[in-house]
Structures are given as C-alpha cells and as structure tokens.
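The values are calculated or read from the model by the stated rules, or taken from the named source; none is laboratory data. This is a predicted model, so every value here is computed, not measured. Methodologically, a virtual Cβ is constructed for each residue, glycine included, from the backbone with ideal geometry; neighbour enumeration extends over all protein chains shown.
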Amino acid sequence: MEQIEYILHPDGRIEEKVTGVVGSNCAELTRSIEQSLGHTAHQDLTNEYYQQAWLNPSLQNIVDTF
C-alpha cells in the first residue's frame with residue numbers, strides 16, 4: 001500500500017517519508033507537493049527506490065499500442 005507520511009519539526013523542517021512505492025515512482029508521486037513546500041534540503045533514498053517495478057509483459061504490450 002502506498003503511503004506518504006509528513007513530520008513537522010519545531011524548527012520548521014518538514015520530513016517526508018514514502019513507503020510502498022518502488023523505483024523512482026516515489027519522486028513522481030511527491031513532486032508537486034515538494035515544489036509547493038519549497039527547497040529540498042536533504043534526500044535519503046531507501047532500498048525501495050533502487051528496486052525495479054514489476055510490469056506484466058502483456059500489459060506493457062497493451063500500453064505500447066496506445
């Protein structure tokens with residue numbers, strides 16, 4: 001299950017944690033809100049970021065025809 005958690009720190013920092021998303025999809029999922037919040041000071045990538053998303057080859061063929 002995809003989940004985004006935000007922690008608001010007393011010093012004004014906002015910590016964002018994405019779970020349940022593999023590959024760079026997490027960056028796409030959070031891009032608009034990160035742009036709205038402002039400058040990203042630091043980013044730690046999890047093991048999930050380096051995993052490849054599984055896609056059924058027959059579904060890929062359907063997507064490629066559109």
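Whenever a residue of the range 17-28 is part of a strand (DSSP E or B), its partners that are surrounded by 14 or more Cβ atoms within 10 Å (Cβ to Cβ) and at pLDDT 90 or above, lying with C-beta atoms within less than 6 angstrom and at least six residues away or across chains, give the pairs Val18/Ile4.
Looking across the range 43-59, the residues that are more than 17 Å from Glu2 (Cβ to Cβ) and either at pLDDT 85 or above or surrounded by 10 or more Cβ atoms within 10 Å (Cβ to Cβ) (or both) come down to Gln43, Asp44, Tyr50.
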